[in-house]
Structures are given as C-alpha cells and as structure tokens.
1. Report the calculated FRET efficiency for L145 and S325 (r = Cβ-Cβ distance, R0 = 51 Å), to the nearest 0.05.
2. Distance check, please: which entries in K53/K204; K224/K458; K109/K438; K63/K95 exceed 27 angstrom between their Cα atoms?
3. Quick one: work out Rg over Rh on the C-alpha atoms of the range 107-251, Rh as Kirkwood radius.
4. Report, in order of residue number, the helices in the chain meeting two criteria: a C-alpha extent of 15 Å or more along the helix axis, and a mean Kyte-Doolittle hydropathy of at least 0.5; treat each whole DSSP H run as one helix.
5. Could you point to the label whose value was computed as Cα extents along the principal axes in Å for the structure here, given [x] 103, 74, 51; [y] 156, 67, 41; [z] 102, 70, 29?
6. Would the range 42-90 count as rounded, prolate or oblate if I go by the C-alpha gyration tensor, calling it rounded below 1.5 in a/c and otherwise prolate when a/b exceeds b/c, oblate otherwise?
7. Quick one: pull the percent of accessible area on the chain belonging to carbon and sulfur, 1.4 Å probe, ligands and nucleic acids left out.
8. Over the range 199-278, how many percent of alpha carbon pairs lie in each 5 Å bin up to the one with the longest distance?
Amino acid sequence: MKKILQYILMSILFCACAKEKTTIWDFEASVDDISRIELRADHKTLLPNGEAKMEFYPFVYGKKNVMKYGKDEEGEYISEMVEEEYLIPDDQLPKGCVKVYDQAGNEIKENVYSTTTEIPGTVLNFYAKAGAIESNRLPITIRDLPDESYDEIVVPVIFHMLLPPASAGPTYDISQEYMEKVLEGVNNIFNRRITTDPNGGNVKLTFKLAVYDPSGVKLQEAGKNVINLSESNIKYIEDQSTSTASYVTGYDKFIVRYKSTCIWNPERYLNIWLTRFSMYSDEAGTYSYETASPTVMHSDYDIESIPGLSDVQTKDRFTLSDVTSCLEVGVLVNYMTFLNPSVQGTNTFTLATVLAEYYGLLSTNTRYYKNLNSDGDIDYCPDTYTSYANYYPLVFKANNLEGQPEELELEWFTSFNVIDRYSRKNSVSIDQALRMRKVLKQCPSRWAYKSDWAFTGK
C-alpha cells in the first residue's frame, strides 16, 4: 500500500512539473492573402505650390471563411460556412509590399505627393499596388493658385478677464506670455505656416496684443484687462441667464449693461472675454465659447455678396453705442478651456476656431442632408467637405450624411480644418480664407484692424 501511495505522489509531482502545451498563432499576412485594395487620399484637389501635400492611404482587404449561425424558418438553429472580406492591418503585411503610383507608373515616395509644375485643371490618377492586385484609380485635380496679393491685416486684441470674487469660487490669472503663445498659434494657422493641407489658404490675418488702453495709457501687461466681479455682479449674471448651466446670456447682458467698462471701442480693439461660464453639450458637440457671425455690412456692398449671414443690416460704421450684444464685437471664451485646450478630448480646442467663426466661417457639421444649400454645401465654401462628425470622431471622415440619397458617391477625406469637429485644426481652406477676407473688408463690426490706437495710444 505504501508503494502505491508513493507512486501516486510521484505521478502528481511529475504532472505538476510538466510543460503546458502552447499554441502560437501566426497573424502575419502575405501578398497572396490580398483580395482587394482601396485607395483614399486627403482630398480630391491639390494646390501646385509645393507646400500643399496630398497623402494617400491604401486600405488592404483579404477574404476568409467564417462560420455563421442563425435560425431557419422553423426557428431551428443552423450554421453555414461563408466567405467574408476583412481589412488586413498594416502591421500584418510585409513592410513595403503595398506601394502607391502615379498614372505613369512612378512610385510615390512615402505615399505623399506635391508639385509646383503641374498645370491647373490637370487631373492626375493614382493607384496602389501589391503583387498583381491593383486598387481603384483615384483622380486628383490640380487647382488654380489663388490670388493672395492682398495686404496683411493686423488686429489688436484685448483679453478681458472677468474674475469672480474668492467667495464665489476659484479665481485665475493668465500671463502676457501665455496670451502671446495662444495668438502665435492662431497666427500660424491663419497664415498657412504649420499645415500640409492640400487646399490650405492664407488669410494674411495676424493678431497682436493691444499695448495701450482706450485712454492712451500704456498697459502694465499688453493685451490684459482685469475686471473684478463682485458678489452682486455674479448674482446679476445668474439672474439674467436663460441657462443655469452656462450663464452665457447673463454674461452678455452684464457686459452690455456695463459696456463703458467691459467693452473697449470696437473700432480699435477685438474684445475677447474670458469668463467662468460652464461648458455645455448638445447632439452637435461640446461648446466652451460663444461667438456670432457679422450682422452689419457697409452700404458699398450687396448684403447677398456674403451668403449664409443672417439678419444683416446696412451700416457704414459700428461704434460702442451700436452694441446690443457683446457677440457683435467680440467672443466669449471659457477660461478653463483657454488654459487647458485639450479639455474637449480628441476634439481639441483652439482659439482659431472661435475667431474663424467670428470672421464669418460657418459650420461644416450637419446631421441631415436637407440642411444643405442648393449647391450641395452648407458653409458656402466649395472646397470644404460637409460631414456629420458624430459618424467619424476622427480626422479621417466621409461625406455621408443622414438622409442623403444612396446613389451619392461616398468620398473620404482628411480634416485639417479649424471649423471641423475632430480635426487636425491647423488650417483654413482657400475658399474659407477668401470668405474671411470678404468679411474683414465689408463688415464694419470687424474693422478694428483699421486703427493703430491700440499700438500707439494715439
């Protein structure tokens, strides 16, 4: 019996020390596994200026047999083997096995193309290839170089910091250096300095901190005006608000009520109010600022010359006495977002978005096809795509919209646009730049750049 027990114990110890059986799965794919290649690109048009670049993206597919399960007409479970297409991840393919070529068969290095020699109007066709499998031909049109002979515009900026009392919650401070850094980022975007956007425009619009106040006295810190709110001010703002969540309406009414203090002459300054209103959300996104398109146009111009603006009136000047809403001459920005631009997650905040809207750009994000205008657009800029951003919360999007006709061709693109939600947000398009220049020229409420007072004090 003792020997039997020893044998059992030795068997248990031997089994405990035995190696586990390991199965290694090979997820690598070869060129022979490829059944189809789909080629996409950043856009469908390209500027021949050498700065604009078109990047191509091959999507490689294979096929595999999978077991599918379901029920028959009698409710019995059945199974069958079917062939399905699947996207092969890049890291499973041999490096360099998929290449992009132009129509002459020249390889496009690193899948990025730019040119200074192609004639505007030329249509170039590109394709991807791996082994014997070739993708669709993707046409890219070389567009005309825009006339950018217009002069640079410099806008003086004053940041009004509406600080709550300590008893009402945390206060804050922002240095001149930080404000300069923020404006530098905006200037880089509007002057096409940091983008490879295939259709990137140059507004030639620069923002600088004001140096002198309305009385001609030099500011201790350029661009900075501190407004200390009292508890009664806070209560007034809360009482005047239509939304207890945002207080935007209350801040607007407060600023207009005390406009001799809170608004600097709109003919000499762009006013930006940094306030403590809460961010709020709806189905279109998260908002941490308030702005409005221009509502006045000089009598020299037809009101219809900038389509998409609403309730526009003719006015040859726009002074402090004309202000009925602070959004007519400036923008409201949540100070927490201003200090922490990534607060909106992947949809990163930039002041360039706010100012682009202030100078007349319209949203590209729409949910319903019926919202498009007669040109099949929504923002009156033909070189921007319209998309419903919630379908694609990434920089890579498609132009499919809820309710659009099924026969409408699906077009993929990369968003560089500061107006797009979920975007690289480092550019405005050519047509957007031209629209902003129109607003700057024709709308008196946007004419702060015509005065040097903020820089000279006289």
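1. Details: r = 39 Å, r/R0 = 0.77.
Between L145 and S325 the formula returns 0.85.
2. Values: K53/K204 20 Å; K224/K458 19 Å; K109/K438 39 Å; K63/K95 20 Å.
Beyond 27 Å between Cα atoms: K109/K438.
3. Working: Rg = 25.1 Å, Rh = 20.7 Å.
Dividing the radius of gyration by the Kirkwood radius yields 1.21.
4. Details: long enough: 2-17 (23 Å, 1.44); 176-190 (21 Å, -0.35); 430-442 (18 Å, -0.56).
In the chain, the long hydrophobic H runs are 2-17.
5. Answer label, from the structure shown: [x].
6. On the way: a/c = 7.87, a/b = 3.71, b/c = 2.12.
Since a/c reaches 1.5 and a/b is larger than b/c, the shape of the range 42-90 is classed as prolate.
7. Numbers: 12120 of 24110 Å².
For the chain, the apolar C and S fraction of the accessible surface comes to 50 percent.
8. Reading upward from the zero bin: 3, 12, 20, 19, 14, 13, 10, 5, 2, 0, 0.
The values are calculated or read from the model by the stated rules, or taken from the named source; none is laboratory data. Computed from a predicted model, the values in this text were never measured in an experiment. Here Cβ is always computed from backbone atoms with ideal geometry, including for glycine, and neighbour counts include all displayed protein chains. Only protein heavy atoms, including side chains, enter the accessible area calculation; ligands, DNA and RNA are left aside. Shrake-Rupley method; radii C 1.70, N 1.55, O 1.52, S 1.80 Å.
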